[in-house]
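Trainee: Structure below; questions to follow.
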Amino acid sequence: MKTSRRLLSVSAVGLCCLGATALLAACGEPLQEEGTAPEGVIASEIEPSYSAQAVTPAELATVRADMLKAVNAARAVARKCGTVSYPARGPLKANAKLDLAAQKHTTDMMTKNYFSHTGKDGSQPWDRFKREGYNYSYAGENIAAGNSTVTATMTQWLNSPGHCANIMGANFTEIGIGFDKGAGTYKYYWTQAFAKPL
């Protein structure tokens, strides 16, 4: 059975530090949408079918550790995201509040069978960060669906200019990671929550 792979990214910055991002906001003000997220990237490959099952805590811990390592390895190397060149960046630190925001959104997409930065409750990434008590000066999110491994998902994100730009973002210092699997259309769902605290 063929399964589609999907990706979306979105990021936000204060107007005091404009960048090539999908969303902009005035410093200290609620974020306002100024543009759209990069169009989703879809790839296909054969995946085994299985019954619905949520990720276990042990599996989630391993996935988070592997994804953090992969993100920081990607940031450690200068790269081109689309037509924009980025120098090597310092590593991101894991943040438990961002992990929780990313996981809740990932599980929501999987259990309610949708794929969007906008939650079923109308929330945006920064709304979800704030719900978990995380106050940010910069915020961004990558989501993906369909691939079962960190390596395959990172390859898709790095091959997509908008996602790659979020991974290489100079203003991000912390990351949260969400992963779940189940009976949704794409079987595997991923979220990267990027931010810099106030």
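The values are calculated or read from the model by the stated rules, or taken from the named source; none is laboratory data. All of these numbers come straight from a predicted model, not from anything done at the bench. Using ideal geometry, Cβ is built from the backbone for each residue, glycine included, and neighbour counts are taken over all protein chains shown. Heads up: the accessible areas ignore ligands, DNA and RNA and are worked out on the full protein's heavy atoms, side chains in. Shrake-Rupley method; radii C 1.70, N 1.55, O 1.52, S 1.80 Å.
Trainee: Would you tally the residues in region 55-67 being of a type in the set (A, V, I, L, M, F, W, C) and crowded, with 16+ Cβ neighbours inside 10 Å? Working first, answer last.
Mentor: First, pick out the residues of region 55-67 that are of a type in the set (A, V, I, L, M, F, W, C): 55, 58, 60-61, 63, 65, 67.
From the residues that got through so far, the ones that are crowded, with 16+ Cβ neighbours inside 10 Å too are 55, 60, 63, 67.
Matching residues across region 55-67 total 4.
Trainee: Another question about this same structure. When you scan region 112-125, how many residues do you find that are open to solvent by 20 Å² or more (accessible area, probe 1.4 Å) and either hydrophobic (A, V, I, L, M, F, W, C) or not in a loop (DSSP other than H, G, I, E, B) (or both)?
Mentor: The qualifying residues number 2.
Trainee: Looking at SER137, is it assigned to a strand (DSSP E or B) and open to solvent by 30 Å² or more (accessible area, probe 1.4 Å)?
Mentor: Spelling it out, SER137 is indeed assigned to a strand (DSSP E or B) and open to solvent by 30 Å² or more (accessible area, probe 1.4 Å).
Trainee: Run THR155 past the list (1) under 16 Å from CYS81 (Cβ atoms); (2) out of contact with any Phe, Trp or Tyr (no Cβ under 6 Å at 6 or more places or on another chain); (3) in contact (Cβ under 8 Å) with a residue 12 or more places away in the chain and report the number of the one that doesn't hold.
Mentor: Failed condition: (3).
Trainee: I'd like the full set of residues that are open to solvent by 60 Å² or more (accessible area, probe 1.4 Å) and at pLDDT below 95, limited to region 68-111.
Mentor: Passing the criteria: only THR111.
Let's see how each residue does on (1) free of Cβ contacts under 8 Å to residues at least 60 places away in the same chain; (2) within 12 Å of the chain's Cα centre (by Cα):
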| position | (1), (2) |
| --- | --- |
| ASP108 | yes, no |
| ASN113 | no, no |
| SER123 | yes, no |
| ASN171 | no, no |
| GLY176 | no, yes |
| ALA183 | no, no |
